[in-house]
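Notes for the one structure printed next.
The values are calculated or read from the model by the stated rules, or taken from the named source; none is laboratory data. A quick note: this is a predicted structure, and the numbers were derived from the prediction, not measured. FYI the Cβ positions are ideal-geometry reconstructions off the backbone, even for glycines, and counts take in every protein chain you see.
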Amino acid sequence: MFRIHPLAPAVTMSGLALALLFSAVSAGDKDAATTDATAKPAAPAAANLPVMPIGTAAPALNLPGADGKTYTWDDYQDAKAIVVVFNCLSCPVAKAYEERLVALGRDYASKGVKMVAIMSNDITIKPDDATDKLKARTEEMKYPWVYLVDSTQDVAKSYGAKVTPHLFIFGADRKLAYSGRLDDNPDPEKVTTKDARNALDAILAGKAIQSAETKPFGCSIKWKKENAS
């Protein structure tokens, strides 16, 4: 029997493919985040920064997009809520959640919700996350978001982002209302709690979020040497 880590397969994968993927991830991405109490942090400095507390105002935004434009919060000023997701292309967990994240963005766009994806990995460690590849994938999948590039990793540090994917949802007042995971299981057939959707529904209805903080799981952000010590 293989040990299932909290790392996910593509949505259409069979049970055997699941086993092979979990095995490959375990061997190939040893610092992927887990829920195991014995898991080691990916790096001693940036990886251990505290996650932004609920109620914190959204940090200033001024990042280049993979499309060549620069984005600030002014580009999202009419949004009733903003979903910021630290994400990438290289992580198996991010790949497994890709369709669910796309569905989230499309389902809530008509309700005034906008999404922002931020890629903070060191591309010397993960070249598959280079800007040209982000642009190509965005066009291929028709993402309902723009991929922003956090090349200094300062934005990831300001949020206390840990893994990919890691979600931060801001209400109309641009204060943090939810942080954590998209849902409670990387295997879509085993999901029992759709945390991010529940949070958005509560925000749009003007109600309190029952679980405003959840523990994200995925692959650790790949920190640059100067941010990892």
Restricting attention to region 71-84, and to residues there that are in a helix (DSSP H, G or I) and free of Cβ contacts under 8 Å to residues at least 60 places away in the same chain, which single residue is surrounded by the fewest Cβ atoms within 10 Å (Cβ to Cβ)? Asp74
Taking the criterion of being modelled with pLDDT of 95 or more, out of contact with any strand residue (DSSP E or B) (no Cβ under 9 Å at 6 or more places or on another chain) and within 25 Å of Gln77 (Cβ to Cβ), would at least one residue in region 173-187 satisfy it? no
Name the pairs whose Cβ atoms lie under 7 Å apart, with the first residue in region 124-147 and free of Cβ contacts under 8 Å to residues at least 12 places away in the same chain, the second surrounded by 12 or more Cβ atoms within 10 Å (Cβ to Cβ) and in a helix (DSSP H, G or I), and 6 or more positions between them or separate chains? none
Which residue, of Ala24, Ala39, Ala33, is at pLDDT below 75, among the small types (Gly, Ala, Ser), surrounded by fewer than 18 Cβ atoms within 10 Å (Cβ to Cβ) and in a loop (DSSP other than H, G, I, E, B)? Ala39
For Arg174, all conditions in the list (1) crowded, with 16+ Cβ neighbours inside 10 Å; (2) more than 12 Å from the chain's Cα centre (by Cα); (3) farther than 16 Å from Ala199 by Cα hold save one; what is the number of the exception? (3)
For a quick check of your reading of the model, give me the residue pairs whose first member lies in region 190-218 and is farther than 20 Å from Val102 by Cα and in contact (Cβ under 8 Å) with a residue 24 or more places away in the chain, whose second is buried (at least 18 other Cβ atoms within 10 Å of the Cβ) and among the aromatic types (Phe, Trp, Tyr), with beta-carbon atoms closer than 6 Å and at least 6 apart or on different chains. Ile209/Tyr178; Ala212/Tyr178
Is it the case that region 85-96 has a residue that's modelled with pLDDT of 95 or more and in a strand (DSSP E or B)? yes
Taking the options Thr192, Thr214, Thr164, name whichever one is of a type in the set (Val, Ile, Thr), within 18 Å of Val51 (Cβ to Cβ) and surrounded by fewer than 23 Cβ atoms within 10 Å (Cβ to Cβ). Thr214
Residues satisfying the stated conditions in region 190-229, i.e. in a helix (DSSP H, G or I), within 16 Å of the chain's Cα centre (by Cα) and not aliphatic (A, V, I, L, M): Asp195, Arg197
Being farther than 25 Å from Ala212 by Cα and either in contact with a strand residue (DSSP E or B) (Cβ under 7 Å, 6 or more places away or on another chain) or surrounded by 19 or more Cβ atoms within 10 Å (Cβ to Cβ) (or both) is the requirement here; does Leu134 meet it? yes
Would you mind stating whether Val146 is closer than 18 Å to Ala79 by Cβ and in a helix (DSSP H, G or I)? no
How about region 66-88: which of its residues are in contact with a Pro (Cβ under 8 Å, 6 or more places away or on another chain) and closer than 20 Å to Val163 by Cβ? Val85, Phe86, Asn87
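Yes or no, residue by residue, for (1) surrounded by fewer than 19 Cβ atoms within 10 Å (Cβ to Cβ); (2) under 28 Å from Glu226 (Cβ atoms):
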| position | (1), (2) |
| --- | --- |
| Lys114 | no, no |
| Ala117 | no, yes |
| Asp128 | yes, yes |
| Tyr143 | no, no |
| Ser158 | yes, yes |
| Phe168 | no, yes |
